[in-house]
1. Quick one: what pairs do we get from the range 25-36, first residue farther than 15 Å from residue 55 by Cβ, second surrounded by fewer than 17 Cβ atoms within 10 Å (Cβ to Cβ), C-beta under 6 Å, 6+ apart or different chains?
2. Based on what the data block shows, is residue 20 at pLDDT 90 or above and surrounded by 10 or more Cβ atoms within 10 Å (Cβ to Cβ)?
3. Which residues, counting only those in the range 1-35, are touching a Ser or Thr at 6+ places or on another chain (Cβ under 9 Å) and small (Gly, Ala, Ser)?
4. When you go through 37, 2 one by one, which is the residue that is over 15 Å from the mean Cα position of the chain (by Cα), at pLDDT below 90 and small (Gly, Ala, Ser)?
5. Looking at 11, 46, 71, can you tell me which residue is among the small types (Gly, Ala, Ser), loosely packed, with under 12 Cβ neighbours inside 10 Å and at pLDDT below 90?
Amino acid sequence: MAAFTTVLLGSVISNVLNTHSQLLRSLSAEVGSTVAAVTGVDVSNSVLGLVVVATTLSFLWGVAYHYARHSTN
């Protein structure tokens with residue numbers, strides 16, 4: 001059941017992201033531009049934006065996992 005749900009949700013998420021891909025690209029480039037201006041890093045705005053977004057999502061996932069793991073005790 002979990003595998004079937006994952007396949008269905010993956011398809012739905014893929015369609016939503018594909019529909020809003022231009023918005024997500026521009027948002028990522030804007031985040032990258034802001035971080036580059038603040039830190040002075042010489043990397044493409046799009047690449048830097050993707051790194052920042054991926055790092056932020058990974059951090060939030062880790063916090064949620066930690067909270068879920070320790071809240072059951």
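The values are calculated or read from the model by the stated rules, or taken from the named source; none is laboratory data. Just so you know, these numbers come straight off a predicted model, no measurement behind them. Here the Cβ positions follow ideal geometry from the backbone for every residue, glycine too, while neighbour counts run over all protein chains shown.
1. Taking only residues 6 or more apart or on different chains, the pairs are 29/46.
2. Here the answer is no, as residue 20 does not meet what is asked.
3. 28, 29, 32
4. When all the criteria are applied, what remains is 2.
5. Only one candidate passes the filter, namely 71.
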